[in-house]
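Here the structure is laid out as C-alpha cells; the discussion comes afterwards.
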Amino acid sequence: MPVRRPSLVLLALLSLAACRGGELEDGGTIVGKTVPAADVAARATTQREAVTRLDPGAHPAPKEILFGDLHVHTTFSVDAFMRTLPFMQGEGAHPPADACDFARYCSALDFWSITDHAEGLTTEHWKQTKDAVRQCNALAGDPKNPDLVTFLGWEWTQVGTTPDNHYGHKNVILRETAEDKVPKRAISARDDQLLGAMVKLPPLWQRLSVPLRDWSNRQRYFDFGALQEAAGAVPVCAADVNTRELPEHCHEIALEPRVLFEKLGQWGGEALVIPHGTTWGLYTPPGTRFDKQLTRAQNDPARQTLFEIFSGHGNSEEYREWEAVRTDANGALVCPEPTDDYLPCCRRAGELIRARCDDPSSSECDARVTRAQQLYLEAGVAGHNTVPGATTEDWLDCGQCRDCFLPAMNYRPGNAAQYTLAITNFDDPAKPARFRFGFFASSDNHSARPGTGYKEYKRRMMTEAIGAKDESWRARIMPGGGPKAPNPVPIDEVPPLPAFAYLEFERQASFFMTGGLVAAHAAGRDRDAIWGAFNRREVYGTSGDRILLWFDLLNGPDGTLPMGMDSHLGAAPRFRVRAVGAQVQQPGCPEQSLRGLGAERLELLCRGECFNPGDQRRVITHIDVIRIRPQVRPGEPVRPLIEDPWRRFECEKNQLGCVVEFEDPDFVASGRENVYYVRAVQEPTPVVNGNALRCEYDDQGNCTRVRPCYGDYRTPLDDDCLAPAAERAWSSPIYLRPST
C-alpha cells in the first residue's frame, strides 16, 4: 500500500503550529563521576619523572603544570546551535553539561572555562550556565585538590565594519562562581548589523521553508527559532546606568572595550579580558591594527593581561610587513603589489577579471582590472562577492600567510602578538604605554568539547568545519555564484545574501584546527592556585599537544624569575629553557574514562578517542628565542624591532627533551626595554588542516591550484585533511628594562 505524504498546505499548517512549539535547550545533565585521586596524582608524578630524566641536577619543581581550555562554546551560543542543524550535518544539542563531562573524561583537562557568546544568551541560559559551572565544580572532589576546576565566563564578540571601529572578540573569565559574586548578565557587543542578525527571526515563510524541506528533523529547526525568539525578546538594558543597578532581565551592551572595562569595574569582581582570534580575517577588516586598543581608554592593564596566541581558528603569533590594503596621502584605499610571500586578494580580484577580458592587454581591460581591485577593497571582508561567479578555488591562496605556522585565514599581521608587543603609545610622552601580555592558547570549540587538540581526528566534530549536506542545501544557504560576468560588481549591488554568506564562509573550513591548550604553572590544583598563575602571567600556550615548558631568567634581582615576569636588570640577562615533548597518544580511551562516563555517553562525546597517553614522548627538534625591542619614539618602524628567531638552538634527537641556556650581552648597552619569549618545536606529525588550502605550486613558487578542505559534502566525512605540522609551545614573555 503506497505511503501517503501530507499535502504542502497541511505541512504548512503543521509547521506554523510547531513554530509555537519550539523549546529552549536546558543545561543538560552531568553524568561523569569524580576522577579518582590516584589517577589525578599520577599526572603530577609523570611530570616530575620527565623533569628528573631531562635535568637530573634540578631541584624538584615547586609548581605543577596544569592544562586547560579557556575558550569553549556550547549550543547556548547561537552560532554553535546553527552548526548543529541537520542540513549542516550537525550532531544536535551539546549543552554545558556535555562540556563538563568532555573536559573530565575525554580530554582529561585540569581546568576549563565556558565562554558562550553573550550576544545571544538569554536570561534563562545565563542562569543555567552558572548552575552547570557550579555543578561541575561540585563533582570535583576535594576543593583543595580537585580533579577539575571550572571557570565561568562569556565571549564579548565585537565586529566592526572598518579598521577604525573594529576591536574584535574578547573572552571574559571570572574568578568567582557564587551567585552574589558574579554579574547578573553577560555583557555583549551586540549591534544592529551582523551580530544583531544572529537573534533576529527571519520572515515566517523562511522559518517554514526549512522544516518543510527536512520534515523529519523539523523539531530541531523549531527549537532554533525558539532560541532566536527568546534571545531577541530580552529587552536592552538602559544605557549609562551602573551595572549593579540594572534589572536582572535585560541585555547589557558594551560596544567598545572601554565600556566593557567600565562595566566590569562597576561590578568589582576579579576578571580577565582576553583578546582572541586577532589575526582571523573572516570578520576582521583588512588593515586593522591593535594600536587603537593601547590607549588608556581602550585598555585595562589590570584585567587585559593575557593574549590568545593560538586557537582552533589558527595562529596569531607572527608579524609580517605585507598588507592587504594601504591608504595614500589623501586617505584613499590602495591595492598593494604582490610579494614573493603574499598575494593581496584585491590583486587576485583584478587577475580574475583580466582573465575574462576579450583582449587582456587592452586599456579597457586595464580599467576593469583597476575597478575590480578598488571594489574589492571598498567591500572589506565581503570583497569576494564583488567578482561574480568566482569560486573558492579561483581565489587561490590570496590573503594567506604562506610562511606562518598554521595561520589564521586572511591573516591580519597588524593584530598579531608580536606586533602588539612591539608597539608603544606615546599619548603621554612622560609615561609611554605598552602591553604586558602573557601568552596562552585554547580551542574556541563550538560543540561543548574543551581541549579537543589531544588527538587529530573527527574534523567535523573536533573543529568548527561545517557545511551543507548536499548541493541542494548548499544552493539554499549560500546563494550567489552564477555566471562569471566580465565586470566586477559594487558590494551594494550584490543580490541580498544571508549575513554569514557575505563572509568567506566556505573558505574558512580549510583553516580550522582542533585547537590549542593553556598551560599554567600553578602552586596547587585548586582555583586560587590556577588564578594566581593567570595573574602572574606564568602560563604558556600549546598548539594542542601537552608539551612541558619552562622559561626562566636565572639572574633576576631576587634570583630566578619565571616566564611572565616584568623586572629591571643591571647586567646581561641569563636564561634557561627546558622543554619536554608531549606523550604519544595510544588509540581509544583508557579504562578510567569508560568507568567515569559509561560506554554510551563516552561514544556520544568522545567519538571513540580520549586523551590516552603512552610511555613514549615526541622529540623536541629545536628551541627558538624571539627578542622584541618595543618602540621608543613615535613612528619607529616595527619590523626591525621583532627578531624572530633571535637565537635558534637545535636539540638532540631524543625523547628526554631539551635544555638550553643563553644570555644577551647587548641588553645593558641597548638602553631600552627588551622582551623575550621562546618557542619549543616538536617533530612534525599529522595535523588536521595542516596544509590549509593544499596549494600546488609552479617552478617560481606561485600557488597555481588549491584543493580546499570543505566543511560540506564536497570533502568526504572521513577525510580529516591531515598534513604534517610541527606542534609547538609558546612561553609567556619575560619583560626586562635596564636598571638606571
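Laboratory data are not the source of any read-out in this text; all were calculated from the coordinates shown. Just so we're clear, the structure is a prediction, and the values are computed from it rather than from any experiment. Using ideal geometry, Cβ is built from the backbone for each residue, glycine included, and neighbour counts are taken over all protein chains shown.
Exactly which trypsin sites (Lys or Arg not before Pro) in region 283-341 are in a DSSP loop and have at most 16 other Cβ atoms within 10 Å?
Sites meeting the loop and neighbour criteria: Arg296.
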>> Once you order the gyration tensor axes a ≥ b ≥ c over the Cα atoms, which shape class does region 177-329 get: rounded for a/c under 1.5, otherwise prolate or oblate by comparing a/b with b/c?
In response: oblate
> Pairs Lys181/Lys263; Lys63/Lys130; Lys130/Lys181; Lys127/Lys181; Lys33/Lys63; Lys33/Lys181: which are spaced more than 19 Å apart, C-alpha to C-alpha?
Replying inline: Lys63/Lys130; Lys33/Lys63; Lys33/Lys181
>> Can you classify region 82-223 as rounded, prolate or oblate using the Cα gyration tensor, where a ≥ b ≥ c are the square roots of its eigenvalues, rounded means a/c under 1.5, and otherwise it's prolate if a/b beats b/c and oblate if not?
In response: oblate
> region 688-740: Rg/Rh from Cα coordinates, Kirkwood Rh?
Replying inline: 1.31
> Mind checking the log10 I(q)/I(0) for region 138-191 at q = 0.18, 0.21, 0.27, 0.29 Å⁻¹? Debye, one equal scatterer per Cα, no solvent, two decimals.
Replying inline: -0.73, -0.85, -1.07, -1.13
>> So for region 466-545, considering every pair of alpha-carbon atoms, how many percent are separated by more than 21 Å?
In response: 58 percent
> In whole Å, what three semi-axes, largest first, describe the equivalent ellipsoid of region 249-341 built from its Cα gyration tensor (square root of 5 times each eigenvalue)?
Replying inline: 31, 17, 13
>> Using a Cα-Cα cut-off of under 18 Å, which aspartates and glutamates could be cross-linked to Lys431, ignoring same-chain neighbours fewer than 8 residues away?
In response: Asp291, Asp300, Asp566, Glu636, Glu673
> In region 479-528, which trypsin sites (Lys or Arg not before Pro) are in a loop and have at most 15 other Cβ atoms within 10 Å, using DSSP for the loop call?
Replying inline: Lys484
>> Could you sort the peptides 438-450, 709-721 by per-residue average Cβ neighbour count (10 Å cutoff), highest mean leading?
In response: 438-450, 709-721
> Which of Val259, Leu294, Ala379 sits farthest toward the positive end of the charge dipole of the chain, with +1 on the Cβ of Lys and Arg and -1 on the Cβ of Asp and Glu?
Replying inline: Val259
> Hey, can you rank 391-403, 458-470 by average C-beta count inside 10 Å, highest first?
Replying inline: 458-470, 391-403
> What value, in deg cm²/dmol to 500, does the helix sum -39500 (n - 2.57) over DSSP H runs of n ≥ 4 give at 222 nm once divided by the residues of the chain?
Replying inline: -6500 deg cm²/dmol
> So what are the three principal axis dimensions of region 322-430 from its Cα atoms, in whole Å, longest to shortest?
Replying inline: 61, 36, 24
> Between Arg707 and Thr327, how many nm apart are label points set 7 Å from Cα along the C-beta direction?
Replying inline: 4.3 nm
>> List the trypsin sites (Lys or Arg not before Pro) within region 619-661 that DSSP assigns to loop and that have no more than 12 neighbouring Cβ atoms inside 10 Å.
In response: Lys653
> Which shape class applies to region 346-488: rounded if a/c is under 1.5, otherwise prolate when a/b exceeds b/c and oblate if not, where a ≥ b ≥ c are the square roots of the Cα gyration tensor eigenvalues?
Replying inline: oblate
>> Can you compute the radius of gyration and Dmax for the chain, using only the Cα atoms, both in Å?
In response: 25.6, 94
> Going highest first, how would you order 211-223, 694-706, 425-437 by mean Cβ packing within 10 Å?
Replying inline: 211-223, 425-437, 694-706
>> Taking just the alpha carbons, could you work out the radius of gyration and Dmax for region 657-697, both in angstroms?
In response: 18.3, 48
